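Working notes, beginning with the structure itself.
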Amino acid sequence: METNSRRNDYRFEKAKEKVEKIKGFYHHLAIYLLFVPFFIWLNYIGSDFPWAIFPIFGWGLGVLGHAAETFSWNFIFGKGWEERKIKEYMDREEDLF
C-alpha cells in the first residue's frame with residue numbers, strides 16, 4: 001500500500017510541475033502579445049525604419065522555444081526518438097559497459 005501511495009505522490013508532483021510549466025509558458029505568451037503592439041506603436045511614432053520586427057521576431061523565437069520545451073516538441077529528432085534509442089542501447093547491453 002505504501003508503494004502505491006509513493007507512486008501517487010510522485011505522479012502528483014510531476015503533474016504539478018507540468019502545470020506550472022504550462023502556466024509559465026502562457027504568462028510568457030501573454031506578455032509577448034501585450035508588447036508586440038507596444039513595439040509597433042513605438043516604431044510608428046518614432047522612426048520610418050521598421051526596427052520593431054527585430055525584437056518581435058527575436059522574442060517570438062524565444063516564445064517558440066519555450067513552447068517546445070513546455071509541450072515536449074522535438075523538431076530535430078522527432079517524436080519517440082529518445083525512447084527508440086534507449087531501447088536500442090538496452091538491446092545491445094554490451095555497448096553500455
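Key figures for this structure:
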item: Relative contact order [Cα under 8 Å, 6+ residues apart], the stretch 2-95, whole percent; result: 27 percent
item: Pair LYS16, TRP81: separation of 7 Å Cα→Cβ label points (nm); result: 3.3 nm
item: Rounded, prolate or oblate (a/c below 1.5 giving rounded, otherwise prolate when a/b exceeds b/c) for the chain by Cα gyration tensor; result: oblate
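Read-outs throughout are calculated quantities, based only on the coordinates presented, and are distinct from any laboratory measurement. If you're wondering where the values come from, they're calculated on a predicted model, not measured in any experiment. Quick reminder, even Gly has a Cβ in these numbers, built from the backbone with ideal geometry, and neighbours come from all protein chains shown.
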